[in-house]
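Nothing in this text is a laboratory measurement; each read-out follows from the coordinates by a stated rule. Given the structure is predicted, the values throughout are model-derived calculations rather than measurements. With ideal geometry, Cβ positions are generated from the backbone for all residues, glycine too; neighbour counts draw on all protein chains shown.
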Amino acid sequence: MAQKSLEDQLCNAAANGNLSEVLLCLERGAAINGLNSYSRNALQVAMLGHSKLVGELLRAGADPSVRDPVCGLTVLHDAAREGFEDTVRVLLDHGADLNVTDDRGYLPLHLADMKGHKGVVELLIGRTGDKRYKAD
């Protein structure tokens, strides 16, 4: 059986929400923005409900603006769509662009609104500074 690359190990740990394994992979030299065998990086496959893990990946240098090669989604789109308010906040605090659209023209705000995640909608609107928009 072939040994998995450090990036595959890092991505598996991130996807499983295993913070201690993520930190160990990084300590062993895994490239924070390196791709796994499915062309995704650790932040893209991370368990998004685990905001502390996402924060550690970002502090280690993960790029919050990497887009999915298939549909153009960023991690912020994914977190907003799923209603992970704490993770959305962490991503924004680390420079995620809330004004980037996916391949269908949707902002993270649109996806959060379509799914009824009022807290995420309010957070995103608050970060835009544009008071013309209000959550229902």
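Given S5, G55, L43, which one lies farthest toward the positive end of the charge dipole of segment 1-117, if we put +1 on the Cβ of every Lys and Arg and -1 on the Cβ of every Asp and Glu?
So the residue we want is S5.
Rounded to the nearest 0.05, what FRET efficiency is calculated for D103 and T128 with R0 set to 25 Å and r the Cβ-Cβ distance?
0.70
Tell me, what is the percent relative contact order of segment 1-47, built from C-alpha pairs under 8 Å that lie six or more residues apart?
46
Once a ≥ b ≥ c are taken as the square roots of the eigenvalues of the Cα gyration tensor of segment 1-47, is the result rounded (a/c under 1.5), prolate (a/b larger than b/c) or oblate (a/b not larger than b/c)?
In terms of gyration-tensor shape, rounded.
Rounding to the nearest 20 debye, state how big the charge dipole of the chain is about its Cα centre with +1 on each Lys and Arg Cβ and -1 on each Asp and Glu Cβ.
Roughly 200 debye, rounded to the nearest 20.
With a cut-off of 18 Å, note down the residues of segment 18-51 whose backbone N falls inside the zone around a label point 7 Å from the Cα of S5 toward its beta carbon.
Residues 22, 25-46 fall inside that zone.
Pairs of Cα atoms under 8 Å, at least six residues apart: use those to get the relative contact order of the chain, whole percent.
Contact order relative to length: 17 percent.
Tell me which label goes with the value of volume of the Cα convex hull per residue in Å³ computed from the coordinates here: (1) 163; (2) 108; (3) 97.
Computing volume of the Cα convex hull per residue in Å³ and matching it to (1) 163; (2) 108; (3) 97 gives (3).
Is there a quick way to get the dipole size of segment 64-129? I mean about its Cα centre, with the Cβ of Lys and Arg at +1 and of Asp and Glu at -1; what is the value in debye to the nearest 20?
Charge dipole, segment 64-129, about its Cα centre: 120 debye, nearest 20.
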